[in-house]
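Let me begin by presenting the structure, written as structure tokens, before commenting on it.
The values are calculated or read from the model by the stated rules, or taken from the named source; none is laboratory data. Source: prediction; values computed, not measured. Every residue, glycine as well, gets a Cβ built from its backbone with ideal geometry; the counts of neighbours run over all protein chains shown. The protein model used for the area step is the full one, side chains on, heavy atoms only, and it has no ligands, DNA or RNA in it. Shrake-Rupley method; radii C 1.70, N 1.55, O 1.52, S 1.80 Å.
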Amino acid sequence: MKKLNNSNHKSDFVNINGIRLHYLDWGGKGPTLIFLTGMGASAYIFVKFAPRFTDKFHVLALTRRGHGDSDCPEIGYDADTLAEDIRQFMDHLNIEKAILAGHSVAGVELTHFAATYPNRAEKLIYLDALDDRRGLPEIHRQNPLRKIEIRREASTPHTFEEYVADTKRDSPAIAEIWSALWDVEMAHEVKVNEDGIFIERMPESVAEMIFENLFNGYAPKRVDAKIPTLSFYALGIPKQSNAYTEEQKASFNQFFLNVRNPFYMSLISEFHTRFPHAKIVIIPDGHHFCFIAQEELVYNEIREFLLE
């Protein structure tokens, strides 16, 4: 497995809210900046991006419950509990107020935390992080690839390298931005079962609870405080598997341009009505992992926002 040589961090755990959560700490002096991960990811997803801010900020990344090296309890995957996890994490480290930067599903945590503990949130940064996904299931039902079954060879990876190869095959949008960072991250997303096969560390039951509570059922809590906010939106068409025909890929591209992206734009407008003071950055050809694929653009925008 490849290693990154440019991430000087401390890896540690806190015992809070009845569980043990993992976090990374890059140090740095100044206001506290905490990165929150997307679905399935661990704090290691930020090991290349986060340390770029240590010259002006104390930088950390938290691995939520059920993810990475954190505990995986059977309950607690709702917005109230996850926001409380963040609050208790901050309390444990004597952090009175923090800038929160969240990717993907962490958008729910950002909004809910800011609404619940407004005096604890200094600034908010949404990294392609929707906080209201209730309309997406209907949009996804219009995906022309949804009912097309593609044939994949059964795989039982007995090595980490085999697991990575399967991931690249099944997730071409991730494969196209693969680097040593992903080898580090994936090592904390997998485990070896009793048969010696590498599998996802997160149980399917946890993923189902997160989808139910944060994707399908979460209505954004009202944020009354005027907290400085920066929100990125990536509108690039995700790369599809070569198991699909060129015609099927073209059909998906048209769906994305004509259905999904217009709906996404409506969500951006709705977000701006709730956060009229927010700065919105739309990345027309952006990747969902914009802080990796469009690192310099995202870094420069965040840097300017934080130093205002």
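Assessment of segment 197-207 against the conditions (farther than 21 Å from Val47 by Cβ and open to solvent by 70 Å² or more (accessible area, probe 1.4 Å)) yields at least one matching residue. List, please: which pairs have Cβ atoms under 6 Å, are six or more places apart or on different chains, and start with a residue in segment 140-161 that is modelled with pLDDT of 95 or more and end with one that is open to solvent by 100 Å² or more (accessible area, probe 1.4 Å)? Once the first residue is modelled with pLDDT of 95 or more and sits in segment 140-161, no partner that is open to solvent by 100 Å² or more (accessible area, probe 1.4 Å) comes close enough. Being in contact with a helix residue (DSSP H, G or I) (Cβ under 8 Å, 6 or more places away or on another chain), farther than 21 Å from Leu214 by Cβ and surrounded by 14 or more Cβ atoms within 10 Å (Cβ to Cβ) is true of Ala187. Scanning segment 145-184 for residues that are open to solvent by less than 50 Å² (accessible area, probe 1.4 Å) and among the charged types (D, E, K, R) yields a count of 2.
Asn8 meets each of the listed conditions (1) closer than 26 Å to Glu301 by Cα; (2) at pLDDT 95 or above apart from (2). Among the conditions (1) farther than 30 Å from Arg222 by Cβ; (2) open to solvent by 40 Å² or more (accessible area, probe 1.4 Å), the only one that Arg141 does not satisfy is (1).
Condition check ((1) open to solvent by 70 Å² or more (accessible area, probe 1.4 Å); (2) under 17 Å from Gly38 (Cβ atoms)) across all residues:
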{"position": "Asn258", "(1), (2)": "yes, no"}
{"position": "Pro262", "(1), (2)": "no, no"}
{"position": "Pro276", "(1), (2)": "yes, no"}
{"position": "Pro284", "(1), (2)": "yes, no"}
{"position": "His287", "(1), (2)": "no, yes"}
{"position": "Gln294", "(1), (2)": "no, yes"}
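Pairs are defined by a Cβ separation below 8 Å, a sequence spacing of at least 6 or placement on different chains, a first member in segment 216-240 that is within 14 Å of Phe271 (Cβ to Cβ), and a second member that is open to solvent by 40 Å² or more (accessible area, probe 1.4 Å) and among the acidic types (Asp, Glu); the pairs so defined are Ile227/Glu122; Leu230/Glu301; Phe232/Glu301. Could you please let me know if Ile125 is surrounded by fewer than 16 Cβ atoms within 10 Å (Cβ to Cβ) and in contact (Cβ under 8 Å) with a residue 60 or more places away in the chain? Spelling it out, it is not the case that Ile125 is surrounded by fewer than 16 Cβ atoms within 10 Å (Cβ to Cβ) and in contact (Cβ under 8 Å) with a residue 60 or more places away in the chain.
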